[in-house]
Each structure stands twice: as structure tokens, then as C-alpha cells.
Amino acid sequence: MNVKTKLCDRLRPLLLGALFLGTLAHAQVQQLDKVVAIVDNDVIMQSQLDQRMQEVRQTIAKRGGGEPPIEELQKQVLDRLILENLQLQIGDRSGIRVTDEELNGAMGTIAQRNNMSLDQFRAALAHDGLSYDGARDQVRREMIISRVRQRRVAERIQVSEQEVKNFLASDSGKAQLSQEYHLANILIPTPEGANSAQIQAAGNQAMGLYQQLREGADFAQLATARSASDNALEGGDMGWRKAAQLPPPFDQMLATMKPGDVTQPVRTPGGFILIKLVEARGGQAEMRDEVHVRHILIKPSEIRSPAETERLINSLYSRIKDGEDFATLAKSFSEDPGSALNGGDLNWIDPQSLVPEFREMMAQTPVDTVSKPFQTQFGWHILEVLGRRATDATEQAREQQALNVLRNRKYDEELQTWLRQIRDEAYVEIKQ
């Protein structure tokens, strides 16, 4: 396994590299690096561009697609570095920081996803020519950019309950929530306030790409070379999406497409977009396990010590085993106000909503059986399992899916608008 490649795939490396100086025999300093772009109050160095170019070319080679002309690829990579630099500067001005504890946790998670311990991960990075400190810095920058986008874009997006209901009631919502699509895209942008000539030029460019694709051109290669979308260097890969997350009319177009098909260019507020359907999945019902359970809760208090609490729960357990009615004892003794008046009945409940100790004891207890007393953070319990079932939770899942679809749709549109805005408002001077 190439850990370096995996890390790049997961995290999109950011702004690696610095100014390197070499010392001659007579202490003469010779500059080996140069500035390739001035970006507001910062610069991008040739070493950073070279490092990213190498990583992008490795990703393209791993993907198996053809590599676009080096000049086009370098322009795309530099544009990406400029946008990343601008977002990092925004994060710095906003006081966004990533603590060592958060960073260590992120590195541990990455190691686990690669099925390694942290020491093994360090060794694997070194084997692939990537320093652990460099990887940490890469992860830190990606986390900062994510938080910048959360503040500037995601927090402004609101989806009302009525929007969710309207979406679920719509023909598009009913049709599209049953299936999920793996997509890729190419965006040919139009400037804000574009005139008819600029719109026509962008449309002609998009149609030219569409014709190349019909003649067998590689979609990922064209996306990497020509797309202005944020995912261009990933070959335009958008991951798995619901059709309804896309601007109309793509949601309807996908219903008639087969894997491998590409839409004709469609004009959107940001420009002309082509979408490729890579694969599709989904359509199954969402089933959830539920347990019908009742319990008695006894809690320590100022007038009842922990030892007395344990003795009382053991006494109640003995009385139930001797034949006394569970519900009657729950009404008299249970200190769970939400269930005591119902004889301790919690009704049908999702085990995942319960604390681990209660969930584990419930899983170990057969139907129509009373558990031994056990302790959780709330006190001492006895529980009885009354039944188990698998229930169709498709409707609840559909509501959550609809909320996610609407939020993601708004986020994708807002993110592209915001990225274009910060790029237009920034001072950028290309030195090449």
C-alpha cells in the first residue's frame, strides 16, 4: 500500500514546501527557489508548485487516465494553490487555530484508517519519502480550510422543515431519494455580469469539450486540464450524490442516463456544466432494530448511600424473581420519571439511543427475561426485554436524507460562488 498516495487522496495536500537556501564554500548564499505568485499578503513558491505538481501527477497516474499537457496542468495546480492560500489567510485573520491535541487525534484517525498504529504510520510515511512533521502540517492546513468554509459558507445555509416537506412531496424528491449516483463534472465558468459574447464563448468551449468526449476523450483528463470546479484536480470526481443535490435540470437528466453517459453542457449561474454518471446504487428500504423494554431505576441520593442503593435494587430483583409484578414495583420504586408511571415501560426503542451499559445488558437478555441488577451513570437498573423487531425506518431516513440533500445542494452552489468571490477580490500577481 502506498501510504503517501492514500494520504493525498484523503486529504488533498496543501501548500507543502518552503524557501531552500544553499551555502557555497565561501558562505555565499545562493537562492534555489523563486516566487511564482503573490497572493494578497503571502506568496507561493516554485518549490510548493513543484511539490503539488508531483503529487497531482502521481494521483493521475494511479487513476490510470492520460495526463493533460503540462502547461494546462500547471495552470490548474497554481489556481488551486492560490485559492487554498487565500482560505488559509482568511483563517489566520479570523483566529482559526488547530490545537496539538486536535491534530494528534486527526493523525491517529488517519493511521487507523490505514490499519496501522501511529508508529507504523510514521515508518510508512518515511518509507514513501514523506516526513511525519510535513504530514502533520498538511493535515493542519486542511483542517483550517475546512473550518473557514464552515464559518463562511456552511453556517449561512438554512433548510426549513417546510422545505424538507416540500421536497419529499415533490416528484423529484420521491424519485431521487431512492437512488444515489457517483458523478464527475466539468465546469466552464462565466464571469459575473458576463456579456453575451462571453457567455457564447464559454458555451462554445463547453460544447467543444462535449464533442471531444463523444469522440472518446478521457473525462478525467479533460476535467483536470480545463475545468474550473473545485474538484478539477481529482478528475472532476464529485463522489456519491443524490440527483436532487444538483442544479436543475440535471436531477431529471440522470433518471435516463446509464453509467458512462455524459450530459450535454447546461448553463448554470456559475457557467456551463457537464456531468458524467460513473455508477449508481441504492433503492433499498432502511430497516432498524428496535427493542421493547421496561426498567426500574434506583439512584443514590443525599439520604441514600451507594451501598443502600445497591441493596435496594437487589431486594427488588429478588421480589420480581419471587413472582411480584414488575410494573407494580416500577410504579412504586423506579426513579425514572419518564417511565415509572407506565410501569417502567420505555416502549419500542432504538438500542443506539441508549448508554452503552444499558444497551449491552439489553442485548444479552432474552425476551421475557429480567436482567440482573446493573449500574450505569444514572444509577442501578433492572430491565426486562418484552420483544424485539426490525422496523422500517425508511420515512425517518428519507427525512434526514432530504435535509442532507438540500443542505449539500445549497452548500455546493454557495461554495463555488464564495470561492469565485474571494479570488476576484484578492490581489494576485502571477510571476511566471
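Points worth noting:
- Looking across Asp79, Asp137, Asp119, Asp92, one residue alone is surrounded by fewer than 13 Cβ atoms within 10 Å (Cβ to Cβ), in a helix (DSSP H, G or I) and either at pLDDT 90 or above or of a type outside the set (Gly, Ala, Ser) (or both). It is Asp119.
- Pair list, Cβ < 9 Å and 6+ apart or interchain, from the range 242-254 residues that are without any contact (Cβ under 8 Å) to a residue 12 or more places away in the chain to residues that are surrounded by fewer than 23 Cβ atoms within 10 Å (Cβ to Cβ): Pro248/Ser172; Pro248/Val266
- Residues (more than 23 Å from Gln76 (Cβ to Cβ), in contact with a strand residue (DSSP E or B) (Cβ under 8 Å, 6 or more places away or on another chain) and modelled with pLDDT of 80 or more) located in the range 236-267: Trp240, Pro249, Phe250, Met253, Leu254, Met257, Lys258, Pro259, Gly260, Asp261, Gln264
- Hey, Leu88 of a type outside the set (D, E, K, R) and either under 30 Å from Asp218 (Cβ atoms) or in contact with a Ser or Thr (Cβ under 9 Å, 6 or more places away or on another chain) (or both) or not: no
- Among the candidates Asp171, Asp218, residue that is buried (at least 17 other Cβ atoms within 10 Å of the Cβ), more than 22 Å from the chain's Cα centre (by Cα) and among the charged types (D, E, K, R): Asp218
- In the range 268-286, the residues that are touching a helix residue (DSSP H, G or I) at 6+ places or on another chain (Cβ under 9 Å), assigned to a strand (DSSP E or B) and at pLDDT below 90: Thr268, Ala280
- Here Val139 clears all of (1) farther than 27 Å from Gln401 by Cβ; (2) of a type in the set (A, V, I, L, M, F, W, C); (3) not assigned by TED's automatic domain parsing to the domain that holds Gln89 except the condition numbered (3).
- Screening Gly236, Gly193, Gly173 for residues that are on the phi > 0 side of the Ramachandran plot and touching a helix residue (DSSP H, G or I) at 6+ places or on another chain (Cβ under 6 Å) leaves exactly one candidate, Gly236.
- Residue match in the range 362-372 (condition: touching a helix residue (DSSP H, G or I) at 6+ places or on another chain (Cβ under 6 Å), within 23 Å of Ser318 (Cβ to Cβ) and in the same structural domain as Asn314 (by TED's automatic domain parsing)): yes
The values are calculated or read from the model by the stated rules, or taken from the named source; none is laboratory data. Everything quoted here is computed from the prediction, not taken from an experiment. Cβ coordinates were reconstructed from backbone atoms using ideal geometry, including for glycine residues, and neighbour counts include every protein chain displayed.
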